[in-house]
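S.K.: Here's a structure for you.
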Amino acid sequence: MTGRPRKVAPLGIALDPAATVPLHRQIGEQIRRAILERRLAPGLKLPSSRLMAAELNCARGTVLAAIDQLVAEGYLVAQAGSGLSVAADLPDEMLVPSGVEERQEDRAMQAPVLSRRAVAALADDSPEEAVDGTPVAFPTGQPDRESFPFPLWAKLLEREWRQPAWTVAGAPHPFGHPRLRQAIAAYLGMARGFGCEPGAIVITMGVRQSLSLLARLVLDAGDAAWIEEPGFVGTREALASAEVQIAAVPVDASGFPLEAAMALAPRARLAVVAPSHQFPLGVVLSLQRRLALLSWAERVNGWIAEDDFDGEYRYAGRPLAPLRALDRNRRVAYLGSFSKLLFPALRLSYIVLPDALVPAAEKIMSDVTARASMLGQGALARFIADGHFAAHLRRTRLLYSIRQRALIDAARRHLDGLLQIAPDPGGMHLIARPHPDLASVFDDRPATAAAAATSLSVSPLSACYRDEPRVHGLILGYAATPEDTIEPAVAALASALRPLYKRPYAR
């Protein structure tokens, strides 16, 4: 058949033997389209398969394969003694007259009705990457992609999956890979200063799943929980999905204020805090407030969720000891994430549960269908146990401190009169606050949109607030932004913002 001219059958079917689409699919798709466009009317009798094969110059089996599929889908009806015909009961609204174009108003009426959440998602046009896949400045919560040793990671993956145990490949524990949980426990004891049993560690898909699990363990629907204001949007989403009443407590220079929290929601039984480096403001919870929070949990039989995803990144002195290290009464659940430290596609986080919650958590996780993927857990266990994780943190700690300094210096040169950026002793982002002369008129939403139009990914500080009043500013992640792109990116940000605020500039 190769090289023969295409022949047109009475049904209007044209076959292309050189196409990558198989002939039976070409036949089926063209008959289906003819039916939907009313070129083949309901009830119309079709030629026999033998005649169609002869007209199309193809094997009868090819035609039969197409017909069988169309009969199974309900487009055609095959009856003994009556031959083959177009189904007579197709819905009229699915059939379009041949050659008739839809009017503009008809297309508008048929446009899908989206939820408010979907419309809001479409409105968020902040770029994560350029079209060619290169990093875009200044995404929040993104690590540096070039510093991760992917060739080593590939070898660890290959070693892990060359001959995996059935407990990993077939019937994994609901808490995750046992060797990964052992490696995490050993690392936390050495690097973060507190001991825990591997059996108390649950591998999750992210902080949302970790918090959702904890909320199901310690709260009933309608119970209250404290969160930090401003704070991570995912915290609110996770607690809301667990039907928890949220009380947003404004943080100050010393971190989470317990007295203000108790005045706002005295019956709360869970506090979600980031004591080592609060997101997004970066404040550190003072020792006095840490002890007061632990005392509260013991006194009211409450619980504390400690989010410590970037606590390792401290550029002045050693990383601060987590709240869990002070917890003598096992009231603190410790949350960590590898996705933001290694690479986002890993999608592996963990929660260290207080011992009393482990039996119930095992029951709950046994019924959870959406668990963290096992594909990378064994390789990550080797990565940690062999010291590669600690070495990677040392490398990136130095790298990120250099990038933070570069961002501050570039902001001083290009954003004078627009935005002010202060250094932070830790973390992976900085907050650019409006110049005092602009504070009353600065709106971070149009500023974010203007930056996105210049292919810059910045986040509005106001989105981190649950309640009014909202403070406006821009969150600039620097960890994933190469040093040589920081200067031109800051200059582009300044150029994007200046038309929004007509006033004299120093530069």
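S.K.: If Arg324 passes every condition in (1) surrounded by fewer than 19 Cβ atoms within 10 Å (Cβ to Cβ); (2) in the same structural domain as Leu214 (by TED's automatic domain parsing); (3) assigned to a helix (DSSP H, G or I); (4) in contact (Cβ under 8 Å) with a residue 60 or more places away in the chain but one, which one does it miss?
M.R.: With (1) surrounded by fewer than 19 Cβ atoms within 10 Å (Cβ to Cβ); (2) in the same structural domain as Leu214 (by TED's automatic domain parsing); (3) assigned to a helix (DSSP H, G or I); (4) in contact (Cβ under 8 Å) with a residue 60 or more places away in the chain applied to Arg324, the lone miss is (1).
S.K.: Sticking with this one: What number of residues in the stretch 27-60 are hydroxyl-bearing (Ser, Thr, Tyr) and either part of a loop (DSSP other than H, G, I, E, B) or touching a Gly at 6+ places or on another chain (Cβ under 8 Å) (or both)?
M.R.: Going through the stretch 27-60 one residue at a time, the tally reaches 1.
S.K.: Just to be sure, is Ala305 surrounded by fewer than 19 Cβ atoms within 10 Å (Cβ to Cβ) and within 25 Å of Gly193 (Cα to Cα)?
M.R.: no
S.K.: Separate question: Applying the selection to the stretch 247-291, what residues are small (Gly, Ala, Ser), closer than 29 Å to Pro423 by Cα and part of a strand (DSSP E or B)?
M.R.: Ala248, Gly255, Ala271
S.K.: Scan the stretch 347-367 and tell me whether some residue there is in a helix (DSSP H, G or I) and of a type in the set (Lys, Arg).
M.R.: Yes, the stretch 347-367 contains at least one residue that is in a helix (DSSP H, G or I) and of a type in the set (Lys, Arg).
S.K.: Does Glu158 count as acidic (Asp, Glu), in a helix (DSSP H, G or I) and at pLDDT 60 or above?
M.R.: Spelling it out, Glu158 is indeed acidic (Asp, Glu), in a helix (DSSP H, G or I) and at pLDDT 60 or above.
S.K.: Between Leu294, Leu270, Leu287, which is in the same structural domain as Phe232 (by TED's automatic domain parsing), crowded, with 22+ Cβ neighbours inside 10 Å and either in contact (Cβ under 8 Å) with a residue 24 or more places away in the chain or on the phi < 0 side of the Ramachandran plot (or both)?
M.R.: Leu270
S.K.: Out of the residues in the stretch 120-155 that are modelled with pLDDT of 75 or more and among the hydrophobic types (A, V, I, L, M, F, W, C), state the one that is nearest to Glu312 (Cα to Cα).
M.R.: Phe148
S.K.: What number of residues within the stretch 204-246 satisfy the criterion of being out of contact with any helix residue (DSSP H, G or I) (no Cβ under 6 Å at 6 or more places or on another chain), of a type outside the set (S, T, N, Q) and assigned to a strand (DSSP E or B)?
M.R.: 3
S.K.: Kindly indicate whether Phe175 is buried (at least 19 other Cβ atoms within 10 Å of the Cβ) and either touching a residue at least 40 places away in the same chain (Cβ under 8 Å) or closer than 15 Å to Phe338 by Cβ (or both).
M.R.: So Phe175 fits the description; yes.
S.K.: Go through (1) modelled with pLDDT under 95; (2) in a helix (DSSP H, G or I) one by one and return the number of the condition Pro112 breaks.
M.R.: Going through the list (1) modelled with pLDDT under 95; (2) in a helix (DSSP H, G or I), Pro112 breaks only (2).
S.K.: Could you check the stretch 406-453 and list, in sequence order, the residues that are without any contact (Cβ under 8 Å) to a residue 40 or more places away in the chain and either assigned to a helix (DSSP H, G or I) or hydrophobic (A, V, I, L, M, F, W, C) (or both)?
M.R.: Within the stretch 406-453, Ile408, Asp409, Arg412, Ala422, Ala439, Asp444, Arg445 qualify.
S.K.: Going through the stretch 343-401 one residue at a time, which ones are without any contact (Cβ under 8 Å) to a residue 12 or more places away in the chain and either surrounded by 15 or more Cβ atoms within 10 Å (Cβ to Cβ) or polar (S, T, N, Q) (or both)?
M.R.: If the condition is that a residue be without any contact (Cβ under 8 Å) to a residue 12 or more places away in the chain and either surrounded by 15 or more Cβ atoms within 10 Å (Cβ to Cβ) or polar (S, T, N, Q) (or both), then Thr369 is the only one that fits.
S.K.: Out of curiosity, is Phe383 part of a loop (DSSP other than H, G, I, E, B) and among the aromatic types (Phe, Trp, Tyr)?
M.R.: Spelling it out, it is not the case that Phe383 is part of a loop (DSSP other than H, G, I, E, B) and among the aromatic types (Phe, Trp, Tyr).
S.K.: May I pose another question? Only residues in the stretch 28-42 that are over 11 Å from Ala87 (Cβ atoms) and loosely packed, with under 15 Cβ neighbours inside 10 Å count as the first member; pair them with residues that are modelled with pLDDT under 85 and of a type in the set (Gly, Ala, Ser), Cβ under 9 angstrom, at least 6 apart or cross-chain, and list the lot.
M.R.: Glu37/Ser98; Glu37/Gly99
The values are calculated or read from the model by the stated rules, or taken from the named source; none is laboratory data. Only a predicted model underlies this, so the values are computations on that prediction, with no experimental measurement involved. Neighbour counts are summed over all protein chains in view; Cβ atoms, including those assigned to glycine, are modelled from backbone coordinates with ideal geometry.
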